1. Of these, Ile171, Ile122, which one is at pLDDT 95 or above, among the hydrophobic types (A, V, I, L, M, F, W, C) and under 30 Å from Leu58 (Cα atoms)?
2. Please list, ordered by first then second residue, the pairs with beta carbon atoms under 8 Å, 6 or more apart or interchain, first in region 136-157 and closer than 21 Å to Thr44 by Cβ and in a helix (DSSP H, G or I), second modelled with pLDDT of 95 or more and among the acidic types (Asp, Glu).
3. Of (1) more than 17 Å from the chain's Cα centre (by Cα); (2) over 17 Å from Ser157 (Cβ atoms), Leu68 satisfies all except one. Which?
4. When only residues in region 79-108 that are small (Gly, Ala, Ser), open to solvent by 50 Å² or more (accessible area, probe 1.4 Å) and free of Cβ contacts under 8 Å to residues at least 24 places away in the same chain count, which is nearest to Val9 (Cα to Cα)?
5. Contact list please: Cβ distance under 7 Å, first residue in region 109-126 and touching a residue at least 60 places away in the same chain (Cβ under 8 Å), second residue of a type in the set (Ser, Thr, Tyr), pairs at least six apart or on different chains.
6. If a residue must be in contact with a helix residue (DSSP H, G or I) (Cβ under 9 Å, 6 or more places away or on another chain) and in a helix (DSSP H, G or I), how many such residues does region 102-123 contain?
7. Within region 35-42, does at least one residue satisfy the condition of being on the phi < 0 side of the Ramachandran plot, more than 17 Å from the chain's Cα centre (by Cα) and not in a helix (DSSP H, G or I)?
8. Looking at Ala74, Ala63, which one is within 27 Å of the chain's Cα centre (by Cα), assigned to a helix (DSSP H, G or I) and free of Cβ contacts under 8 Å to residues at least 12 places away in the same chain?
Amino acid sequence: MTAIGDVTVGRLLLAEYDRVKEEQKTRIGFRDNLLYVTLAAMVTVLIGTAQTRHVVLLLVLPATTAVLGWTYLANDQKISAIGHYVRTDLGPRLSALAGEQESLFGWEAAHRRDARRTQRKIIQCAVDLATFAGVPVGALAAYWAYGTGTLVPMTVSILESVAVCVLAVQIILYAETRA
């Protein structure tokens, strides 16, 4: 094992493990809080629209959920990428240094072998789609049905519908339903 003073490859890899797991933990908290922020934004927009009877306010909802949804998705992808990195790169390197045949971080792979994991991931994908695409599409539909249809809001609504569709496709593409 290469050592310079008290620094060894093993210690450096363990320090890296600690850092990436800390980043993963932080991202999980942030991602999960984005759902609450999104729900609060939805309620705020819907109450504001109902109280003022200005249907055009519904156009705030797709824009807001697109930004929050993309941030949610980006964090979710990084969380998964960290797990993949620990399972496929960092864990095996540490195992090799320790002279172990199996990965030292069994939990990183074990929780992915749960028989209901695929079902949970599909349900989570459906929840994400309902939150970040379904509700905004409902708001757009309500605007199209009851709005004034003037040029600027109608153009905004069309652009928002494209953004929501792109986000929905990305949510589906990034759903890790396999073990």
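The values are calculated or read from the model by the stated rules, or taken from the named source; none is laboratory data. All of these numbers come straight from a predicted model, not from anything done at the bench. Here the Cβ is made from the backbone with ideal geometry for all residues, glycine too, and neighbour counts use every protein chain on show. Side chains are part of the model used for accessible areas, which takes the heavy atoms of the whole protein and leaves out ligands, DNA and RNA. Shrake-Rupley method; radii C 1.70, N 1.55, O 1.52, S 1.80 Å.
1. That would be Ile171, the only listed residue that is at pLDDT 95 or above, among the hydrophobic types (A, V, I, L, M, F, W, C) and under 30 Å from Leu58 (Cα atoms).
2. Final answer for the pair search is Pro136/Glu160; Leu140/Glu160.
3. The single condition Leu68 does not satisfy is (1).
4. Within region 79-108, the match that is nearest to Val9 (Cα to Cα) is Ala96.
5. Thr118/Thr177
6. Residues in region 102-123 being in contact with a helix residue (DSSP H, G or I) (Cβ under 9 Å, 6 or more places away or on another chain) and in a helix (DSSP H, G or I): 5 in total.
7. Checked region 35-42: no residue is on the phi < 0 side of the Ramachandran plot, more than 17 Å from the chain's Cα centre (by Cα) and not in a helix (DSSP H, G or I).
8. One residue alone meets the criteria, Ala74.
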